[in-house]
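S.K.: After the structure tokens below, expect a handful of questions from me.
Each reported figure results from applying straightforward, stated rules to the coordinates on display, with no laboratory input. For clarity, every value in this text was computed on a predicted model and none was experimentally measured. Don't worry about glycine lacking a Cβ; one is built from the backbone with ideal geometry, like all the others, and counts go over all protein chains shown.
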Amino acid sequence: MRRPFIAGNWKMHTTEADAVALAAAVREQTAAAACDVAVCVPFPHLGPVREALRGGHVRLGAQDVHWEPKGAFTGEVSAPMLEDYCQLVIIGHSERRQYFCETDEWVNRKLRALLASRLDPIVCIGETLDQRRAGETEAVLERQLRGALAGIEPSARITIAYEPVWAIGTGETATPEQAQEACAFVRRILRELGGPVADAIRIQYGGSVNPANAAALLAQPDIDGALVGGASLDVAQFAAICAAV
Ligand code: PEP
């Protein structure tokens, strides 16, 4: 059985004080949730939020990582640096692909770096609206997934987040059927790549998840949780999504 996993992606939001207060509230209000819970916060807030979450059930994550352990990479942060602060890292988010030219090859390098560390990866994949309209959804998902996992043994430490780009931050959500179809396809590819471990790998849906649509999405057989952007900044909404599991 795959334990459901709800992760918040705070993106480039919160002051340090906001972050600490939000993390403490998430800890309190999701204590009874029947799922794994995580928050992925901006780099400068990892230290203070780590203290707010210490000893509790909420896991802490970062939103990106560089693949090298150290070196002349101004502005970047490595896995060995993050290991002191958090337990997981989002890689390949569509905003990084879109605004920072992140490629499948980079995602692959970052995934290798994370698997060589103590940090668990959340690997984001998803098609744009044009790609969906052109009937290319499965081809895009397959390319991104095979690209991310090239030369890597699939592992249950990896979470895949299926996030259709057209549903991120737009208020437009994939229907439960569309999301299930895509997640089932992702699992088929994982099975081709890794065999039985595919049944242990969690696949999240992400894209305008909110308390009103969460239950129907999370009830789908191949959807094992959610990566939540906007609604994760509101503790009542985030807790309600966790309670919808
Ligand atoms: C995200 O950024 O991963 C995301 C799913 O955002 P939102 O929930 O705001 O669509």
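S.K.: Could you list the square roots of 5 times each eigenvalue of the Cα gyration tensor of the stretch 12-116, that is, the equivalent ellipsoid semi-axes, sorted largest first and rounded to whole Å?
M.R.: In descending order the semi-axes read 26, 14, 14 Å.
S.K.: So if R0 is 22 Å, what FRET efficiency would Q98 and A150 give, r being the distance between their Cβ atoms, rounded to the nearest 0.05?
M.R.: 0.55
S.K.: What per residue convex hull volume, in Å³, comes out for the chain when only alpha-carbon positions are used?
M.R.: It is 115 Å³ per residue.
S.K.: Right, something else. Run the numbers on the chain and let me know its relative contact order in percent, using alpha-carbon pairs under 8 Å that are six or more apart.
M.R.: About 22 percent, as a whole number.
S.K.: Amide H neighbours of F5 under 5 Å, at least 5 residues apart or on other chains, H built in the peptide plane: list them.
M.R.: D36, G225, A226
S.K.: Using amide H atoms built 1.01 Å from N in the peptide plane, name the residues 5+ places from R202, or on other chains, whose amide H lies under 5 Å from its own.
M.R.: Result for R202 returns I160.
S.K.: Here's another thing I want to ask about it. For H66, which sequence-distant residues (separation of 5 or more, or a different chain) have an amide H within less than 5 Å of its own amide H, given hydrogens modelled in the peptide plane?
M.R.: HN-HN under 5 Å from H66: V77, S78, A79.
S.K.: In sequence order, what are the phi-derived ³J(HN,Hα) couplings for the stretch 15-29 according to the Karplus relation 6.51 cos²θ - 1.76 cosθ + 1.60 with θ = phi - 60°, rounded to whole Hz, with x for glycine and proline?
M.R.: 7, 4, 5, 4, 5, 5, 5, 5, 4, 5, 5, 4, 4, 5, 8
S.K.: Quick one: if you take sqrt(5λ) for each eigenvalue of the C-alpha gyration tensor of the stretch 102-224, what semi-axes come out, biggest first, whole angstrom?
M.R.: The three semi-axes for the stretch 102-224 are 23, 16, 14 Å.
S.K.: Give me the percent relative contact order of the stretch 1-58, please, defined on Cα pairs under 8 angstrom at least 6 residues apart.
M.R.: 49
S.K.: Right, next: Convert each backbone phi in the stretch 99-110 into a coupling constant with the Karplus relation 6.51 cos²θ - 1.76 cosθ + 1.60 (shift: θ = phi - 60°), then list the ³J(HN,Hα) values in order as whole Hz, x for Gly and Pro.
M.R.: Along the stretch 99-110, the couplings run 9, 10, 6, 5, 10, 4, 5, 5, 4, 4, 5, 5 Hz.
S.K.: Follow-up. Please arrange H45, H93, H57, H66 by how many other C-beta atoms lie within 10 Å of their C-beta, fewest to most.
M.R.: By the 10 Å Cβ count, ascending, the order reads H57, H66, H45, H93.
S.K.: If neighbour count is taken as other Cβ atoms inside 10 Å, put C183, C242 in order from fewest to most.
M.R.: With the sparsest Cβ surroundings first, the list reads C183, C242.
S.K.: Which one, I203, I122, I158, has the greatest fluctuation when you compute a Gaussian network model over the chain with C-alpha springs under 10 angstrom?
M.R.: Ranking I203, I122, I158 by mean-square fluctuation puts I158 first.
S.K.: Also, quick follow-up: Most exposed first by the Cβ proxy, i.e. fewest other Cβ within 10 Å, how do F5, F100 rank?
M.R.: Ascending number of Cβ neighbours within 10 Å: F100, F5.
S.K.: Still on this structure, please answer the following. What whole-number distance in Å separates the alpha-carbon centres of the stretch 113-135 and the stretch 26-98?
M.R.: 17
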